[in-house]
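No lab work stands behind these numbers, since they all come straight from the coordinates. Fair warning: this is a prediction, and the values are worked out from it, not measured in the lab. Reconstructed Cβ throughout: ideal geometry from the backbone, glycine too, with neighbour counts over all protein chains shown.
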Amino acid sequence: MLNFDFYNPTHISFGKGCIAKLDGFVPAEAQVMVLYGGQSAQRTGTLDEVQAALGERKVYLFGGVEANPTYEKLMEAVQIAREQNIDFLLAVGGGSVIDGAKFVAAAVPYPDDPWNILLNGGRDIKQALPIGTVLTLAATGSEMNNGSVITRKSLQAKLPFHNDLVFPKFSMLDPSKSFTLPERQVANGVVDAFVHVMEQYLTYPVNAPVQDRFSEGLLQTLIEQGPLALSQPDDYEVRANLMWVATLALNGLIGSGVPQDWSTHLIGHEFTALYGLDHAQTLAIILPSMLQERRVAKREKLLQYAERVWNLRDGDAEQRIDAAIARTREFFETLGVKTRLNDYGLAQDAVEAALQQLEQHGMLQLGEHKDIDLAISRRVLEASL
Ligand code: NZQ
Ligand code: ZN
């Protein structure tokens, strides 16, 4: 096993009705900015519930944080938070709103141009406002991690940053809040969580059986519960299991002490930035061809994945690897998430554009061996058409 530091300070409050407990989590004297997305938090009544739970506190509502949150919009929140002396941020929504709140938290006290937070990957953040979250969409794990991904529209750049100061202090996870999600977002969430596990699991063995078996359990749970969430959309237990899986998929636990990949994510971000594809759609396109391209470097883990996750025991090693990759693609397709660039109307010119972006963003040494250069990314993308 590799050496590691594991730190996760986020308090999770889980279950139906947990939003009512907000009062005990937000400091009584706080001047709170509540950030939310387009319409869903208002339409579903969650925003009202949150406001009721915050009681007499001074609350400033900031709506309109987009899916794939933009620097441009969030800088409006930064300015207001500075003017209004906001000292606590509460994100009500999915990964986008939570990521947006993390950026605002770091940007408000940041002494320099806040875009540098992204250019420096969050390394130079010295202070951040405290954040809490009310999760309405199970997918990203942002509710219990220190990462955030921000898009600057004017540059067509979508970049991540990480810093322990932006871990949420608490997250309220009420699975019943996810009943109002459209099917597409439920499916996206399953795919995103699945690929989060894969980026941390499907690399090379370092004798870390606990992390491996946790990961395999999360993957199998997603394979089992994901389709149920679509076929039984009113089932609370299914939504509860999905929400907890998605949180555990990216809260640092399964990634501790093991190599990590993240190439599928970093390449995928370019397609969201350029063409507005949903985050999970980009992952469903790239992961199967990435696994195919890296089948030699990932051979041992692919065989383990085939056997333990998909129960594939017949045929020789190459056949089992082929079958595991095919099952992965089928799983995404069964959920209704298409797995080819062509399915989204994208062709060779999109491949060229994404490669240019990767070059511009310095994404030239990706993967667990840092050896995925532009030539390999090109092969992956051409195989994804
Ligand atoms: O904007 P509203 O109207 O609220 O609608 C949202 C949005 O359009 C809607 N929605 C959310 N909760 C709902 C709901 N609709 C009905 N009922 C509800 N309960 O769903 C749409 C998508 O929301 P979004 O927050 O964008 O989805 P998700 O949670 O998948 O987040 C995606 C973002 O997270 C980033 C992605 O890159 C993307 O920008 N990621 C963040 C990560 C992290 N911080 O660790 C890791 C991930 O890999 C990912 O990159
Ligand atoms: Zn993701």
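Listing for the model above:
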item: Distance from the range 164-193 to the range 202-220 (C-alpha centre basis), Å; result: 23 Å
item: Linear extension gain, ARG184 paired with ASN116, 0.36 nm per residue minus alpha-carbon span; result: 21.1 nm
item: Alpha-carbon centroids, the range 318-332 and the range 92-139: separation in whole Å; result: 37 Å
item: Antiparallel DSSP beta bridges within the chain, as percent of all bridges there, nearest 5; result: 25 percent
item: Inter-label distance for ASN342 and ARG123, nm, one decimal - labels placed 7 Å from Cα along Cα-to-Cβ; result: 4.2 nm
item: Cβ-derived FRET efficiency at R0 30 Å, ILE80 paired with LYS21, nearest 0.05; result: 0.65
item: Nearby aspartates and glutamates by direct alpha-carbon distance to LYS58 (threshold 18 angstrom, same-chain neighbours under 8 apart not counted); result: ASP23, GLU29, ASP48, GLU49, GLU83, ASP87
item: Fluctuation leader among ASP314, ASP322, ASP343 - the chain, Gaussian network, Cα springs under 10 angstrom; result: ASP314
item: Ranked list, fewest to most other Cβ atoms within 10 Å of each Cβ, for TYR36, TYR204; result: TYR204, TYR36
item: Greater than 26 Å apart at Cα, pairs in LYS102/LYS153; LYS158/LYS370; LYS126/LYS177; LYS73/LYS158; LYS158/LYS338; result: LYS126/LYS177
item: Length released on extending from HIS369 to SER176, taking residue separation times 0.36 nm less the Cα-Cα span; result: 65.4 nm
item: Segment ILE376-GLN51, length gained on full extension (0.36 nm per residue, minus Cα span); result: 112.0 nm
item: Label-to-label distance, nm, for residues given as ASP5 and LEU303 (7 Å Cα→Cβ offset); result: 3.7 nm
item: Between the range 42-65 and the range 270-294, the alpha-carbon center distance in angstrom; result: 34 Å
item: At R0 = 56 Å, FRET efficiency that the Cβ-Cβ distance of GLU72 and ASP314 yields, to 0.05; result: 0.55
item: HN-Hα J in Hz across the range 255-266 - Karplus 6.51, -1.76, 1.60, θ = phi - 60°, x for Gly and Pro; result: x, 6, x, 10, x, 10, 9, 6, 5, 4, 4, 5
item: Two-site label geometry, GLU333 and ASP349: point separation in nm, points 7 Å out along Cα→Cβ; result: 2.8 nm
